[in-house]
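Enquirer: Handing you this structure, nothing more for now.
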Amino acid sequence: MKKEIWVLMEPGKTEGFSEASLALLNPCRTIADSLKATLTAVAFSGDAEQAANTAGAYGADRLLLADFNPPDPSKALADLAEQERPWAILAAACDDVQEWLSQSAARLNTGFVSNCSGFVLDEKTDCLVWTRPIPGENCMCDITCPVLRPQIGTIRPGIWKKKQRLENTFPASISRFTPTQSGSARVRVLELMQKLTEDGIDLENADIIVSGGKGVGGPDGFAPLKELAAALGGAVGASRTAVDRGWISGIHQVGQTGHIVSPKLYIACGISGAIQHLTGMLGSGTIVAINTDPNASIFQYSDYCIVGDLFEVVPALTEEIIQHRNSF
Ligand SMILES: Cc1cc2nc3c(=O)[nH]c(=O)nc-3n(C[C@H](O)[C@H](O)[C@H](O)COP(=O)(O)OP(=O)(O)OC[C@H]3O[C@@H](n4cnc5c(N)ncnc54)[C@H](O)[C@@H]3O)c2cc1C
């Protein structure tokens with residue numbers, strides 16, 4: 001029987017689905033191709049035609065669409081998986097999905113790996129290898145579900161960008177299913193809101209991020225970083241230490257318990273490079289670190305290492321950028 005990989009599609013503003021769900025179709029397509037498996041987008045609500053077009057454009061072969069939004073999505077999904085026997089089920093790690101998907105896994109008597117920062121296919125064992133930080137520890141671990149199926153896990157948003165298929169774009173084939181319960185959903189989506197930073201930028205989709213850590217020394221220390229970010233047209237990020245000290249709001253936090261970001265350029269200012277911070281930004285294209293300590297661990301992961309005081313380096317960079325821009 002042909003294997004199936006399911007991706008749960010959360011409702012969202014872009015083309016009917018959340019950015020994180022669409023982005024997840026991208027790595028799943030690669031794995032489905034390696035396994036010669038079917039990639040199926042599973043949705044509990046949405047307009048069938050639009051959902052099939054979007055799911056197809058982002059790589060899904062098939063759309064499994066519920067006839068109505070079930071009162072208990074955990075049971076509805078478990079019942080559906082019981083009948084269809086997918087090889088794996090993945091979803092973007094949003095709070096409510098994490099909660100009910102773990103219950104689906106329990107109903108299916110299989111494993112559940114939450115909040116992963118990555119996953120790869122191990123063809124030898126025919127397993128997904130999920131990567132996630134060990135809670136409260138300074139290390140990452142790989143987890144597999146060697147025997148039980150389906151393999152179920154959630155992936156933190158921001159690790160992959162959504163990517164449309166450029167060739168062979170066709171709508172996903174539509175299969176409708178009727179959830180096994182009647183009644184109305186306990187949760188109704190009234191409005192979809194996007195989390196933006198104070199500068200109005202969606203951190204997870206920013207191309208450039210200038211981040212500050214404990215080295216900025218206080219709330220005022222973020223001022224030169226904001227100027228650099230403005231000169232570059234980017235957003236301001238922060239380490240958890242800066243957030244915990246109340247120097248900047250939590251919406252700016254990058255890392256294991258903050259946003260996972262993958263901008264083209266990440267400038268880390270006064271950030272030491274703890275694993276929990278790295279987890280959130282190692283997918284960045286180019287990493288520049290500014291730190292007074294030549295042995296700071298962030299330098300091991302950086303493309304450009306600037307040993308110096310951020311209060312000298314950052315304003316100098318901003319001035320250079322403004323001058324360079326004005327010379328055109
Ligand atoms: C369960 C758990 C989850 C966590 N989640 C996150 C998370 O999501 N994100 C996160 O960031 N952390 C997280 N942490 C915290 C993490 O372990 C680190 O404590 C934190 O990232 C350190 O922040 P920092 O680099 O700003 O501070 P520090 O480690 O104190 O580093 C400050 C750096 O600034 C440099 N510096 C000082 N002055 C200057 C100057 N004038 N110019 C240039 N450099 C200077 C210093 O040399 C030093 O390297 C988590 C921890 C746990 C236990």
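The values are calculated or read from the model by the stated rules, or taken from the named source; none is laboratory data. None of these values were measured; they are calculated from a predicted model. Please note: Cβ atoms are built from the backbone with ideal geometry, for glycine as well, and neighbour counts cover all protein chains shown. Side chains are part of the model used for accessible areas, which takes the heavy atoms of the whole protein and leaves out ligands, DNA and RNA. Shrake-Rupley method; radii C 1.70, N 1.55, O 1.52, S 1.80 Å.
Enquirer: Within region 54-84, work out how many residues are closer than 19 Å to residue 4 by Cα and in contact (Cβ under 8 Å) with a residue 40 or more places away in the chain.
Expert: 18
Enquirer: Restricting the search to region 243-302, which residues are at pLDDT below 90 and among the acidic types (Asp, Glu)?
Expert: Hits for region 243-302: nothing passes.
Enquirer: Could you check how many residues of region 116-140 are open to solvent by 50 Å² or more (accessible area, probe 1.4 Å), assigned to a strand (DSSP E or B), out of contact with any Pro (no Cβ under 6 Å at 6 or more places or on another chain) and within 16 Å of the ligand (Cβ to nearest atom)?
Expert: 0
Enquirer: OK, next. Going by the structure shown, is residue 93 in contact (Cβ under 8 Å) with a residue 12 or more places away in the chain, open to solvent by less than 20 Å² (accessible area, probe 1.4 Å), within 16 Å of the ligand (Cβ to nearest atom) and of a type in the set (Gly, Ala, Ser)?
Expert: Yes, satisfied.
Enquirer: Criterion first (within 16 Å of the ligand (Cβ to nearest atom), over 14 Å from the mean Cα position of the chain (by Cα) and more than 14 Å from residue 24 (Cβ to Cβ)) does residue 143 satisfy it?
Expert: No; evaluated as a whole, the condition is false for this residue.
Enquirer: Looking at (1) modelled with pLDDT of 90 or more; (2) in contact with a Lys or Arg (Cβ under 8 Å, 6 or more places away or on another chain), find the lone condition where residue 180 falls short.
Expert: (1)
Enquirer: Output the residues belonging to region 289-306 that are of a type in the set (Asp, Glu) and near the ligand (Cβ under 9 Å from one of its atoms).
Expert: Passing the criteria: only 293.
Enquirer: Going through region 270-288 one residue at a time, which ones are near the ligand (Cβ under 9 Å from one of its atoms) and more than 25 Å from residue 141 (Cα to Cα)?
Expert: Residue satisfying the conditions is 270 alone.
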